[in-house]
Amino acid sequence: MHTDNKQVRVRFAPSPTGYLHVGGLRTALFNYLFARKHGGKFVLRIEDTDQKRSIPGALEKLTITLTEIGLHYDEGPDIGGDYGPYIQSQRTDIYEEYTQKLLDSGNAYHCFCSEERLNNLREEQRKRKRPPMYDGKCRDLSKDEVAYNLAQGMPFVIRLKYPKEGKTVFDDVVRDRVAIDNSMVDDQVLIKSDGFPTYHLASVVDDHLMKITHIIRGEEWLSSVPKHIFLYESFGWEAPVFVHLPLLLNADRSKLSKRQGDVSVESYLDKGYLPEVMLNFIALLGWHSADDRELYSLSELEEAFSLERINKAGAVFDTEKLNWMGGHYIRNLDVTYIADQSRRFFEEAGIDISDNDRYLKAINTARDYVYCLSDIVEHARMFFEELAFSEEDRDLIGQEDSQRIFSYWIEALGEKAQWEPEEISLLTKQSIGDLGIKGKNFYFPIRLALFGSCHGPDIPTLIDILGRDEALKRLEACVTR
Ligand code: GLU
C-alpha cells in the first residue's frame, strides 16, 4: 500500500520537552513498526526550533528512553545518517534558503505587525467568538514598503500567503478524504522575529530533504495539513502520505492529560512497568489486529502491524488493562529476566539479595502478586530481612499450640540438611496429624514465624525459598519458652 517502489522512510520528530509522552511513544512505535514491516528506515529528528521551550539534557534523556524501551532508530542526532543534521536548530541556514524561495515566488510575505496589534486583534476576535487569525494587514505591502521597513530595522516575521478562497482536499490513510475550507487556514508564521523557523516550515522542509515517504503522527496535526500541502506545492514537491493517529483519551474520554495520571513513559519505566508491557499496551492504542489478539512481542508486532487497521475513534488509555498486561508479563517471562529487572528496586531499598538462589526463588513467588516491579520488593523483602512482629503477632507466637508447632518443626527439620518441597508437603500433613492442630490454628503461627504474616505462600514454598537453615533460624527465634 502507498509504498510504491520507494524505500519507506518515516520519522519520529519530537520537540525536546524533557520526557517522552505516552502519545509520543505511540507515534514512535507506529512509525518504527511501519518501517520494519516494509524494510524501511526509521529516523529520529529533534524539533527544537522553539528555543524558549528547549530543555537542556532532553535529547540525551530521550535517546536513553527509546533505547531502554527497545525502539532503535536507523538515523538520528547521536548516530548520524545520510540526511543530517537531525537537530533542527543546526539546520537554520537550510530554512533560510527555502524561506527566500517562498518570498521570491510570492508565497510568503514579511509581516511587520507589532505584538500589541496582534494581541488586540486576537482579543477582538475572542470577543466576537471568531477563531484567532491574522487579518492580512501586511499581505499586500509593496516591495518598496517592505524594503523601507527592513531598512528602518523594523522587527518582522515571515508569513505564509495562504489562498483565501476555496477548499483544500487531501487524503489521509486513517481519516480518508479530508476537506478544509481555506478561509479557516491562517497565514501561518514561518519565520519568527528571532529568526528561527516555526515547526510548520522546518518540518515540511526536513520531511522533503530527508526523503520521508509517510508522515505518521497524532491527530492534533490534522488541521495543519493544508498549510503543509501549500508549502509542498509552493516548492514544487510531492507531499508524503499522511497518517493521523487517533487521540488518546482518559477513562472519562477527555483528552489524555497529566492531571489524570502519569503520561510520561519514564515514570512508568521507573515504577518497573516492563518495556515489553509498555510497547504491547501502547501498540493497542488505536490499532488492533483482525482477530483482536492482545498479547504481542515487539517482533510479533513488526509482523502484524498495518496502517489499514488503525482506528479513527479515540483510544482510551486504560490503566486497568495496562496493569493486567503488566502482571501477565511479569508472571510469564523468564524468571531470571524478571529478577534482573527487579534488582535495582531491592538495591534502592537497601535489601541484601546476595544469596542468588534465594533471590530467584523469592522473585518467582512474589511475581504472582504484582503488575509492576517496584511493588515486588514488598512481596519479597521478608525473605531477606529480619522479621518484625507486632504485639498481636507476638501473642499468637507465644501461645502454647504455636510453641508446640515450632518445637516439632525444629526437631523435624534438624534431621537432615536438604529438603525437597514434596517432602515438606508430607511433613506438613504428618505434623498436623501428630500435633492434632489443624487449619488456621496450624498455618497462621507457622507462616507467621517463617514469613512474618499469617497469609502468603504455602509452607513448602516458604521453606524452599528460605532454605532449611534460615527456616530453622526463624523458627528458633520464635521459641519463647
Ligand atoms: N514536533 C512535533 C511534535 O512534537 C512533530 C509533529 C509531526 O510529527 O509532524 O509533536
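The values are calculated or read from the model by the stated rules, or taken from the named source; none is laboratory data. The shown structure was predicted, so the numbers you read here are calculated from the model rather than taken from an experiment. Every residue, glycine among them, receives a Cβ derived from its backbone with ideal geometry; neighbour counts consider all protein chains shown.
Quick notes
- Extreme residue, farthest from Arg117 (Cα to Cα), among residues of region 140-173 that are in contact (Cβ under 8 Å) with a residue 60 or more places away in the chain and among the aliphatic types (A, V, I, L, M): Val173
- Residue in region 174-183 that is surrounded by 14 or more Cβ atoms within 10 Å (Cβ to Cβ), in contact (Cβ under 8 Å) with a residue 60 or more places away in the chain and farther than 23 Å from Glu115 by Cα present: yes
- Cβ-Cβ distances below 8 Å connect the following pairs, each with a first residue in region 11-23 that is in contact (Cβ under 8 Å) with a residue 24 or more places away in the chain, a second residue that is within 8 Å of the ligand (Cβ to nearest atom) and aromatic (Phe, Trp, Tyr), and a separation of six or more residues or different chains: Ser15/Tyr199.
- Criterion: over 17 Å from Pro240 (Cα atoms), touching a Pro at 6+ places or on another chain (Cβ under 9 Å) and not in a helix (DSSP H, G or I) - qualifying residue of Thr63, Thr49: Thr49
- Hey, Gly166 among the small types (Gly, Ala, Ser) and away from the ligand (no atom under 16 Å from the Cβ) or not: yes
- Exclusive hit being modelled with pLDDT of 95 or more, at negative phi and touching a Pro at 6+ places or on another chain (Cβ under 6 Å), set Ile363, Ile338, Ile351, Ile405: Ile405
- Identity of the residue in region 39-58, surrounded by fewer than 20 Cβ atoms within 10 Å (Cβ to Cβ) and free of Cβ contacts under 8 Å to residues at least 60 places away in the same chain, that ends up nearest to Tyr296 (Cα to Cα): Gly39
- Number of the condition not met by Ala315 [criteria: (1) over 21 Å from Phe42 (Cβ atoms); (2) touching a helix residue (DSSP H, G or I) at 6+ places or on another chain (Cβ under 7 Å)]: (2)
- Scanning region 110-126 for residues that are under 18 Å from Leu141 (Cα atoms), surrounded by 12 or more Cβ atoms within 10 Å (Cβ to Cβ) and free of Cβ contacts under 8 Å to residues at least 60 places away in the same chain yields His110, Phe112, Cys113, Arg117, Leu118.
- Lone qualifier among Leu201, Leu231, Leu209 - being surrounded by fewer than 17 Cβ atoms within 10 Å (Cβ to Cβ) and among the aliphatic types (A, V, I, L, M): Leu209
- Hits in region 8-41 - residues which are in a strand (DSSP E or B) and within 13 Å of the ligand (Cβ to nearest atom): Val10, Arg11, Phe12, His21
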